[in-house]
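Report on the structure given below.
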Amino acid sequence: MSTVLRPADGELYRRALRGIRHRTGVPLAFAGQLHDQRLVLSEFLGARTTGLRDLHVEPGKGVGGTVLERGRPCGVSDYRAARSITHDYDDPVLGEGIHATIAVPVATHGRVRGVLYAAVRSDLPLGTRAVDALVGIAGEVARELLVRDEVDQRLKLLTAAAAEPGPAGREQLRELHAELRGIAADVPPGPLHDRLRRACDRISALGGPPPDPAPVTLSPREIDVLSQIALGCSNAEAATRLAVRPETVKAYLRSAMSKLAVHNRYRAVLAARRLGLLP
């Protein structure tokens, strides 16, 4: 079974830059990701030159390197005169006209994964409000990176389960299907959500060749609920896993049973499997 490609993390950082510009009004926002212990600046919004593009920032050097080394935000109000940082990158920074800048880490499990920057070309201050905005956006990026990492781990398990014949392998596929649908239910529309749905479709397809066009169509939420019921979850347990109310689970389950023309939850699961909607 081929893997479902992870969305490029650069897209996530570009979205973060749009959020920085929107929340702070700064003319320049940029970001880099960590590669081989160095920060590589790769995403820009509002840049006038290409001097900073693909710049490799070493730990402890410049504003970004200080963030890497200390794992916390760093900023300077007058870059040219700042004594709190090294000036290894003066040429590209001053060439871009940057006067003041702040940078915050994107970190997961205490490890810096990237850095977000906001900068101005005038002597307007970048105060606490801007720092708070960047910290909040960095937290959003970190949370999505954690979800993507979790999905990667689940897909590795999926590959192993697909290669394991017999009831044990099928049961693991069902558990992974339910877990991925649970994650997808809490992810907003976008590349990661689409990736999760494609993975779920592939898991369902492992049950055998698709049947003739199904006479029944279940909504994504109805399938989400049935995938949890297939694991033996109660309505309350399914609600917790899907981050909805038990009454909502009950309503989706009732709707699915009506469409499938069955009268209990277990027959609903069997019918959904026969239609290729569940593994």
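The values are calculated or read from the model by the stated rules, or taken from the named source; none is laboratory data. The model shown is predicted, which means the values in this text are computed figures rather than measured ones. Methodologically, a virtual Cβ is constructed for each residue, glycine included, from the backbone with ideal geometry; neighbour enumeration extends over all protein chains shown. Heavy atoms of the whole protein, side chains included, go into the accessibility calculation; ligands, DNA and RNA do not. Shrake-Rupley method; radii C 1.70, N 1.55, O 1.52, S 1.80 Å.
For residue 228, which of the numbered conditions (1) in contact with a Gly (Cβ under 9 Å, 6 or more places away or on another chain); (2) in a loop (DSSP other than H, G, I, E, B) fails to hold?
(2)
Give the range 125-146 a look and list any residue that's of a type in the set (Val, Ile, Thr) and within 12 Å of residue 12 (Cα to Cα), or say none.
137, 141
Mind checking which pairs have a first residue in the range 1-20 that is part of a loop (DSSP other than H, G, I, E, B) and a second that is at pLDDT below 90 and open to solvent by 70 Å² or more (accessible area, probe 1.4 Å), Cβ under 6 Å, 6 or more apart or different chains?
4/198
Could you tell me whether residue 43 is charged (D, E, K, R), touching a strand residue (DSSP E or B) at 6+ places or on another chain (Cβ under 6 Å) and open to solvent by less than 60 Å² (accessible area, probe 1.4 Å)?
Yes: the conditions hold for residue 43.
Among (1) at pLDDT 85 or above; (2) of a type in the set (A, V, I, L, M, F, W, C); (3) in a helix (DSSP H, G or I), there is one condition residue 244 misses while meeting the rest; what is its number?
(3)
Of 202, 221, 198, which residue is within 22 Å of residue 155 (Cα to Cα) and either small (Gly, Ala, Ser) or at pLDDT 85 or above (or both)?
Answer to the selection: 221.
Would you point out the residue of the range 18-40, among those that are of a type in the set (S, T, N, Q) and open to solvent by less than 60 Å² (accessible area, probe 1.4 Å), that is nearest to residue 132 (Cα to Cα)?
Per the criteria, the residue is 24.
Which of the following residues is surrounded by 14 or more Cβ atoms within 10 Å (Cβ to Cβ) and without any contact (Cβ under 8 Å) to a residue 24 or more places away in the chain: 272, 256, 238?
Just a single option satisfies the conditions, and that option is 238.
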